[in-house]
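The values are calculated or read from the model by the stated rules, or taken from the named source; none is laboratory data. Everything numeric here is computed off the predicted structure, so don't read it as measured data. In this analysis, Cβ positions are derived from the backbone assuming ideal geometry, glycine residues included, and neighbour counts consider all displayed protein chains. Protein only, heavy atoms only, side chains kept; ligands, DNA and RNA dropped before computing areas. Shrake-Rupley method; radii C 1.70, N 1.55, O 1.52, S 1.80 Å.
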Amino acid sequence: MHVFFVKEAWRSFRQHRGLGMTAIFSLTAALTLSGLFVLLSHNADNALKWVGDRREMVVYLKDDTTDSRRAALIESLTRLYGTTTYVSREQAWKEFSEQIGDPVLLEAVGSNPLPASLRVRLRPELLNAASMEEAARQVAQFTEVEDVRYGAEWVRRLDDLGAGLRRGTLAVGVLVALAIVFVIYNTLRLTVLARRQQVEIMSRLGATDRFIATPFVIEAMFEAALAALLSLGVLLTFKQAVSAQVTGVVFLPALGSLAFLGVAVALAWLASLIALSRVLRAVGP
Amino acid sequence: MITFEQVTKRYGGRLALDAVSWHMDEGECVVFLGPSGAGKTTVLRLITHEIQPSTGSVTVGTFRTGRLTRSQRALLRRTLGIIYEDFRLLHDRTVFENVALAVRIVGRFAESDIGPRVRTALEEVGLNGMESAFPAELSAGEKQRAAIARAIVNRPAVVLADEPTGALEAESAADVLRLLKTIHLEGAAVLLVTTREEVAAAVPGRVLRLVDGKLIEGAPAPAAGVTPIAAAAPIPPPDIAETGVAPASATG
């Protein structure tokens, strides 16, 4: 019976190729637009993650901190916030010297003014502005701590950028979902009306709505799947073209591509159910 | 089997049926005879639940009008075999596929049983060897025989025929009427609707005359209190209703 429904769907598609192709191209355009945003968001996310992974908190120690208290502090910070490494005054000076490079300038600074510090690579769940602010506040309360720096403003901007991209992707996603539902709904309406005589005859023979609708639903899902594959092809071509100019651009992961296809097919299924529940009532005797 | 009780049907201001009451038993043959616009097709459409009576009630088997959901209505139609004047075959399918569609819709048979069942029906109507022909390749008589094969392939309890010879020349019309007689003799109830006296005379059934929506000759309304077949009975579960009361003498 399932083979029968698939054959019926294919028959319908072949007989109304014009309608089917129009639907496929419209869906491809909508899905490509959405996919472009998903791809952009995915790459931006990757970049943000890369940058975010380098976020760290620098805890400056008081000069009179003993080795044992420093070791205890390192243990506490590691346990509570993330991997903590000690940077001695000498090491800090060495790094500073390498960054400045100019011996004249270094001579002007005179003796090493830099304090010893601890660098805390925060756990992933703390890599956001609110959590970092709270962590910094807590760390500052340790008696050995002189000051805590984590680039609050920079972290906040990074978070805002990430949130903006996610909101944009969601908004475009919702718009495209509505566009898909609209395209499928109208295509199916036209297809059913074009096959009105068949629907009427089947209804008179006692076919249930489900029996009549199933081939149309399969046809809509097939069109959406084809459109999603075409769209992924366009996106891959676009990504290859951009990769030639910009390094580090990546395509959607296999699971993401599969999800993209799945969402398109699921939306087609939903739209066809909505369309058919209305259209069959209007057409069937 | 089929009961109309004081059924009136109006299309807007036009009266199509006027307080019509009649009853048809299992295995019976009834002919509705009357001129165009008398209300004959309205009778059929009420039976198939395409339309609802304005007043009165229509009972078909255990189904009573006014209470059916869309799936129950589909179930009711699956217990009937319907033949139309204009055949209503699907033009993009072969004769075999047209008949097989009715079997698939009923959904009681395995895929492997569909072929033999369809071939038996086609053989009964004399269309063996024409399985792969498309309707456009058939004569009017052959089309109607294909439509009859589709109507009887599921062995329905009732076959409804709406002017089945209307589009046929004399010889094909005679063939079709012979087929209907055979179907009736094998045990199915046949309800035939026609404008032609000679068609009514050719079928061995009770003739009910309809003129201007009124039943002017034929069986009276069923006696009070003898409302047959579960006028008040609940709708049965689908598996019971769907069995379609196939006559014992019918094949398949």
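Summary of values
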quantity	calculated
The stretch B:51-67, residues that are modelled with pLDDT under 90, within 19 Å of the chain's Cα centre (by Cα) and either over 26 Å from B:Ile152 (Cβ atoms) or within 14 Å of chain A (Cβ to nearest Cβ) (or both)	B:Gly61, B:Phe63
Residue pairs meeting the criteria (Cβ under 6 Å; at least 6 apart or on separate chains; first more than 16 Å from A:Leu122 (Cα to Cα), in the stretch A:142-164; second polar (S, T, N, Q))	A:Glu144/A:Thr65
Among the candidates A:Glu75, A:Glu107, A:Glu56, residue that is acidic (Asp, Glu) and surrounded by 13 or more Cβ atoms within 10 Å (Cβ to Cβ)	A:Glu56
Test for A:Arg17: is it under 30 Å from B:Val103 (Cβ atoms) and out of contact with any helix residue (DSSP H, G or I) (no Cβ under 9 Å at 6 or more places or on another chain)	yes
Filtered residue count, the stretch B:116-159, keeping only those that are within 13 Å of chain A (Cβ to nearest Cβ) and either free of Cβ contacts under 8 Å to residues at least 24 places away in the same chain or at positive phi (or both)	0
Those residues of the stretch A:249-285 which are hydrophobic (A, V, I, L, M, F, W, C), in a helix (DSSP H, G or I) and farther than 22 Å from B:Arg70 by Cα, in sequence order	A:Ala254, A:Leu255, A:Leu258, A:Ala259, A:Phe260, A:Leu261, A:Val263, A:Ala264, A:Val265, A:Ala266, A:Leu267, A:Ala268
Leading residue by the ranking (farthest from B:Val106 (Cα to Cα)) among those in the stretch B:143-176 that are in a strand (DSSP E or B) and among the hydrophobic types (A, V, I, L, M, F, W, C)	B:Ala161
Segments classed as strands (runs of 3 or more DSSP E), wholly inside the stretch A:32-137, with at least 2 members that are basic (Lys, Arg)	A:117-122
Single residue of the stretch A:234-285 satisfying the filter (touching a Phe, Trp or Tyr at 6+ places or on another chain (Cβ under 8 Å) and touching a residue at least 60 places away in the same chain (Cβ under 8 Å)) that is nearest to A:Val38 (Cα to Cα)	A:Leu252
Tally of residues being within 10 Å of another protein chain (Cβ to nearest Cβ), touching a Leu at 6+ places or on another chain (Cβ under 9 Å) and among the hydrophobic types (A, V, I, L, M, F, W, C) across the stretch B:94-104	2
Any hit, the stretch A:218-229, residues being out of contact with any strand residue (DSSP E or B) (no Cβ under 8 Å at 6 or more places or on another chain) and within 30 Å of B:Ala151 (Cβ to Cβ)	yes
Single residue of the stretch B:80-93 satisfying the filter (open to solvent by 20 Å² or more (accessible area, probe 1.4 Å) and within 30 Å of B:Val199 (Cα to Cα)) that is nearest to the other protein chains (Cβ to nearest Cβ)	B:Arg88
Which numbered condition A:Arg121 fails, given (1) open to solvent by 90 Å² or more (accessible area, probe 1.4 Å); (2) without any contact (Cβ under 8 Å) to a residue 40 or more places away in the chain	(2)
Tally, over the stretch B:2-33, of residues that are assigned to a loop (DSSP other than H, G, I, E, B) and at positive phi	2
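Residue-wise test of (1) in contact (Cβ under 8 Å) with a residue 12 or more places away in the chain; (2) of a type outside the set (Phe, Trp, Tyr); (3) away from chain B (no Cβ under 14 Å).
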{"site": "A:Val192", "(1), (2), (3)": "yes, yes, yes"}
{"site": "A:Gly206", "(1), (2), (3)": "no, yes, no"}
{"site": "A:Asp209", "(1), (2), (3)": "yes, yes, no"}
{"site": "A:Ile212", "(1), (2), (3)": "yes, yes, no"}
{"site": "A:Leu226", "(1), (2), (3)": "yes, yes, yes"}
